[in-house]
Amino acid sequence: MLSYEKYKGKLTVRLKGELDHASIAPIRAELDQLLNDPKVKHLVLDMEGVSFMDSSAIGLVIGRYKALARRGGSVSVTRTAPRVDRIFEMAGLYQIVEKRA
Amino acid sequence: MKIKNEMRLDFPAAGKNESFARLVISAFVLPLNPTLEELADVKTAVSEAVTNAIVHGYADAPGTVRLHAVLYEDDTLKVDVIDNGRGIEDIALARTPFFTTCAEDERSGMGFTVMESFMDEVSVQSKPGRGTTVTLVKRLRACETESARRA
């Protein structure tokens, strides 16, 4: 179960634990369920609780970015650990996804 | 080079074993007192290689993944991640950033790039239809040796 908060058009989701290929599948399904709501335009992924992450998370973020960009929305990430930044930067993710303080 | 420790682990190519493989490799290098950074580097690289074996090598079909880790006297860690899956046709292409054979599955194509950036050496041996071995090498800072020298 994802912990999230919806306020106007903004959906903030707190990701936690280990993000790998296997653990991301149910997260993706649940996120997409939440994003089915057409009122949601902006997705904020709060990464503070993420204890491990590999490149699988890049695909997750890019996939959601594509979905939201189609409806004129955006994705941003917040509270990323230096390691998370390093992996996201490798993929040039911050060119399409805003990093919030 | 003299071997300090060695382990082999065979496990089914199932997603849940990605985290298991990370735990095992952590436990294997822990006696060396690696930095948290080094430990995370090794875990991330192993996670990428094991995921590749499951997703690409076996394409989510049943199979066995082998983790073979060797710790040498100079605190160099070598990890082989071995599958007997479908193999890679073009290794250079597979290692190119953003290259992926399953874009529809939201794979980022960054697995090898991540491995290369977190390890000192990454090599790949593969034969189409026979399987793939990814070899990851990292020289650990060896805090243990350092403190022994001071003592």
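A short reminder: the numbers here are calculations on the coordinates, not readings from a lab. Model, not experiment: these values are computed from the prediction. So basically every Cβ, Gly included, is an ideal-geometry build from the backbone, and we count neighbours across all protein chains shown.
Structure above, values below:
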{"quantity": "Wholly within the range B:1-116, helices (runs of 4 or more DSSP H) carrying at least 2 residues that are in contact with a Leu (Cβ under 8 Å, 6 or more places away or on another chain) and closer than 28 Å to A:Arg28 by Cα", "calculated": "B:16-29, B:36-52"}
{"quantity": "Index of the failed condition, A:Ser23 passing every other in (1) crowded, with 16+ Cβ neighbours inside 10 Å; (2) more than 18 Å from B:Glu18 (Cβ to Cβ)", "calculated": "(2)"}
{"quantity": "Extreme residue, nearest to the other protein chains (Cβ to nearest Cβ), among residues of the range A:57-79 that are assigned to a helix (DSSP H, G or I), under 10 Å from the mean Cα position of the chain (by Cα) and within 9 Å of A:Leu43 (Cα to Cα)", "calculated": "A:Arg64"}
{"quantity": "Residue in the range B:57-80 that is in contact (Cβ under 8 Å) with a residue 12 or more places away in the chain, buried (at least 17 other Cβ atoms within 10 Å of the Cβ), farther than 18 Å from A:Leu19 by Cβ and out of contact with any Lys or Arg (no Cβ under 9 Å at 6 or more places or on another chain) present", "calculated": "yes"}
{"quantity": "Residue satisfying all of: in the range A:4-51; part of a helix (DSSP H, G or I) and among the charged types (D, E, K, R); farthest from B:Ser47 (Cα to Cα) among these", "calculated": "A:Asp32"}
{"quantity": "Count of residues meeting criterion [away from chain A (no Cβ under 11 Å) and within 15 Å of B:Leu67 (Cβ to Cβ)] in the range B:14-34", "calculated": "5"}
{"quantity": "Count of the range B:60-76 residues which are within 24 Å of B:Lys16 (Cα to Cα) and not β-branched (Val, Ile, Thr)", "calculated": "8"}
{"quantity": "Cβ pairs under 7 Å, 6+ apart, first in the range B:32-56 and more than 15 Å from A:Leu19 (Cβ to Cβ), second crowded, with 24+ Cβ neighbours inside 10 Å and acidic (Asp, Glu)", "calculated": "B:Ala53/B:Asp83"}
{"quantity": "Given (1) closer than 25 Å to B:Arg139 by Cβ; (2) among the charged types (D, E, K, R); (3) away from chain A (no Cβ under 14 Å), index of the condition B:Glu37 fails", "calculated": "(3)"}
{"quantity": "Tally of residues being touching a Lys or Arg at 6+ places or on another chain (Cβ under 9 Å), over 21 Å from A:Thr78 (Cβ atoms) and within 9 Å of chain B (Cβ to nearest Cβ) across the range A:21-44", "calculated": "2"}
